[in-house]
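To keep things clear, I will list the structure first and then write my remarks on it.
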Amino acid sequence: MNGFFTIERKLTKHWCASDPSFLATWVWLLSEANWQDKKALINSQLIEIKRGQLIFGREAFSKKSGVSVSKLRRIMELLEKDGMIDQQKTNRYSHYQKLQSISGR
């Protein structure tokens with residue numbers, strides 16, 4: 001994946017910056033979000049993923065990042081509670097429909 005995205009400096013004052021696992025997960029979510037609409041084949045199903053959305057598997061991310069699955073579950077619940085993400089869960093993956101920046105927080 002090519003390209004870039006910007007992160008505001010005030011991220012360092014945001015609550016998710018208080019724990020390296022929280023911050024790493026949030027930045028990873030931002031970096032993996034689609035920059036344009038596309039379709040993907042996930043578990044033999046064709047899924048439309050719009051700009052700003054992504055498909056996320058906690059177990060796959062846990063293996064890649066070293067953040068435990070239980071901690072990821074807590075992080076994602078807090079991000080959703082704070083309105084930074086909206087998620088649709090299935091038994092195989094989560095589809096995140098909104099990744100909200102920290103602007104104005």
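Structure data summary
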| read-out | value |
| --- | --- |
| Nearby lysines by direct alpha-carbon distance to K89 (threshold 20 angstrom, same-chain neighbours under 8 apart not counted) | K38, K39, K50, K63, K71, K81, K98 |
| Solvent accessible area, Å² - W28, 1.4 Å probe, full protein context | 50 |
| Candidate aspartates and glutamates - alpha carbon under 17 Å from K64, same-chain residues fewer than 8 apart omitted | E32 |
| Separation of the K71 and N43 label points, Cα + 7 Å toward Cβ, nm | 2.6 |
| Under-5 Å amide H pairs with I49, H placed in peptide plane, nonlocal only | K38, K39, A40 |
| Rounded accessible area of K50 (nearest 10 Å², 1.4 Å probe) | 90 |
| Accessible area of E59 in the full protein assembly, 1.4 Å probe (Å², nearest 10) | 130 |
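The values are calculated or read from the model by the stated rules, or taken from the named source; none is laboratory data. Just so we're clear, the structure is a prediction, and the values are computed from it rather than from any experiment. Here Cβ is always computed from backbone atoms with ideal geometry, including for glycine, and neighbour counts include all displayed protein chains. Protein only, heavy atoms only, side chains kept; ligands, DNA and RNA dropped before computing areas. Shrake-Rupley method; radii C 1.70, N 1.55, O 1.52, S 1.80 Å.
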